[in-house]
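Below is one structure, written out as structure tokens, with a few remarks after it.
The values are calculated or read from the model by the stated rules, or taken from the named source; none is laboratory data. Note that this is a predicted model, so its numbers are computed, not measured. Glycine gets a Cβ as well: all are built from the backbone with ideal geometry, and neighbour counts include every protein chain shown. SASA here: full protein model, heavy atoms, side chains in, ligands and nucleic acids out. Shrake-Rupley method; radii C 1.70, N 1.55, O 1.52, S 1.80 Å.
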Amino acid sequence: MTIYLEVNLKSSITLLMRFGLLLFICAGCSNGDDQAQDEEISSIFDINDTHQSNQLLDDLFHDTMQFTRDDLQTGSTNCTDILDEGHIEDRIITWPSEVKNYFLENLSKFPNPDLISQSVHGIYLVTDATLYDQKSKTTAAGLACDRGSDFKGIIFLNYNSVIKRRSSLGIGAWQETRSKTNKYIDIIEGDTASITLMHEIFHAIDIKLFMHGTPENLQKRENLKSKSWIGDEPIFKRGPIIALNGSDDASADSTDRRCTHPIHSGLSLTAGSSAEELAAELKRLQEQTNFIVPYTMASPAEDFAETLTVYYFGVFHQSWQKRTVSFEKKPLFVHDTESILRTKKQHIDKTCALAKLVFGRCEL
């Protein structure tokens with residue numbers, strides 16, 4: 001996979017109650033069947049009637065190592081980057097209260113915080129070197145591992161991405177990320193730090209509640225996967241817009257289940273691609289596939305996490321990913337995820353199926 005270098009607590013409680021409790025009592029995406037929807041959610045996640053307090057989310061942010069090397073070694077994910085460190089505890093950085101409170105404020109919009117506390121064991125801030133991959137010679141912005149004992153997620157976020165590179169504008173404030181993957185494509189993505197954290201949380205939910213959940217949950221996950229994948233290969237052909245690990249083999253690391261998030265959501269372009277070719281590829285992705293952004297074609301695990309990340313930030317934060325291909329300052333094509341998820345049936349169907357699977361409802 002391509003890896004790039006690169007939350008007023010008082011109001012959070014009110015927001016958590018509003019979104020965490022009320023949304024799960026409400027009807028589903030469009031059928032208005034309250035009883036059926038409540039039964040489905042309770043049977044999948046065994047959600048309690050009591051409200052998930054903000055304190056439980058706060059307790060997930062650790063300043064010291066609360067896991068063992070054996071937890072990572074026996075987990076289901078490839079966490080060699082972390083295990084390569086002789087003294088992992090020396091790589092963990094204390095959370096600045098400003099950024100932790102910022103993350104908590106953002107997480108307050110999550111429809112059901114119970115899913116996070118059920119799926120995540122801990123969230124850590126670590127040095128840049130900790131997430132360096134010797135094989136690809138690149139550094140992840142975030143990485144989701146899991147404990148082999150219970151498959152709860154252990155999430156690592158890169159200090160450089162979350163703190164250092166955002167410090168000039170304030171680490172406790174939303175920062176809209178605007179970037180270029182090459183001279184032709186401009187990306188508006190949203191707040192990179194928040195996106196990375198949520199992407200990794202979705203990995204943890206996937207690993208704990210689906211991949212290692214009940215047989216019923218796993219089957220529902222597999223049924224949804226079949227909308228886009230045959231094994232670890234996408235149903236639709238990958239074009240030149242995505243080439244992982246600097247090669248044209250986009251599936252090179254899919255079997256390793258390296259649950260990571262790159263800062264630009266996975267555009268590593270084939271050398272020599274013209275602006276016209278890239279515009280055509282993004283248009284093909286929009287019109288002829290159900291992969292909402294290029295990085296979702298990396299692997300089934302990344303498809304699950306990134307599709308839900310696009311949906312979550314678009315619906316709950318009104319922040320939608322947008323890619324504009326231009327040549328000589330003239331736009332050739334705009335790949336706008338909001339427009340796609342309002343108008344393109346195949347994308348709506350898949351994303352809503354994922355949203356219903358995880359949240360019990362879809363708000364598209």
Over the range 159-178, the set of residues in contact with a helix residue (DSSP H, G or I) (Cβ under 6 Å, 6 or more places away or on another chain) and under 21 Å from VAL293 (Cβ atoms) is GLN175, THR177
HIS199: passes all of (1) in contact with a Cys (Cβ under 8 Å, 6 or more places away or on another chain); (2) modelled with pLDDT of 95 or more but (1)
Over the range 112-136, the set of residues among the charged types (D, E, K, R) and under 12 Å from ASP81 (Cβ atoms) is ASP128, ASP133, LYS135
Just one listed residue, out of ILE188, ILE171, ILE195, is β-branched (Val, Ile, Thr), closer than 28 Å to ARG323 by Cα and in a strand (DSSP E or B), and it is ILE188
Just to be sure before I move on: is ILE205 within 18 Å of ALA301 (Cα to Cα) and assigned to a helix (DSSP H, G or I) in the structure I sent? yes
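Given the criteria hydroxyl-bearing (Ser, Thr, Tyr) and either at pLDDT 95 or above or touching a helix residue (DSSP H, G or I) at 6+ places or on another chain (Cβ under 7 Å) (or both), does THR130 qualify? Before the answer, list the steps.
On the way: hydroxyl-bearing (Ser, Thr, Tyr): yes; either at pLDDT 95 or above or touching a helix residue (DSSP H, G or I) at 6+ places or on another chain (Cβ under 7 Å) (or both): yes.
When the stated conditions are applied, THR130 passes them.
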So the helices (runs of 4 or more DSSP H) completely within the range 294-361 holding 3 or more residues that are in contact with a Cys (Cβ under 9 Å, 6 or more places away or on another chain) are 300-317, 345-359
Of all helices (runs of 4 or more DSSP H) fully inside the range 47-158, the set with 2 or more residues that are farther than 19 Å from ALA193 by Cα and in contact with a Gly (Cβ under 9 Å, 6 or more places away or on another chain) is 69-73, 113-119
The one condition GLN288 fails out of (1) within 13 Å of the chain's Cα centre (by Cα); (2) farther than 18 Å from SER179 by Cα is (1)
Selection over the range 184-207 where residues are open to solvent by 10 Å² or more (accessible area, probe 1.4 Å) and in contact with a Lys or Arg (Cβ under 6 Å, 6 or more places away or on another chain) yields a count of 2
When restricted to THR130, THR181, the only residue buried (at least 18 other Cβ atoms within 10 Å of the Cβ), over 24 Å from ILE292 (Cα atoms) and not acidic (Asp, Glu) is THR130
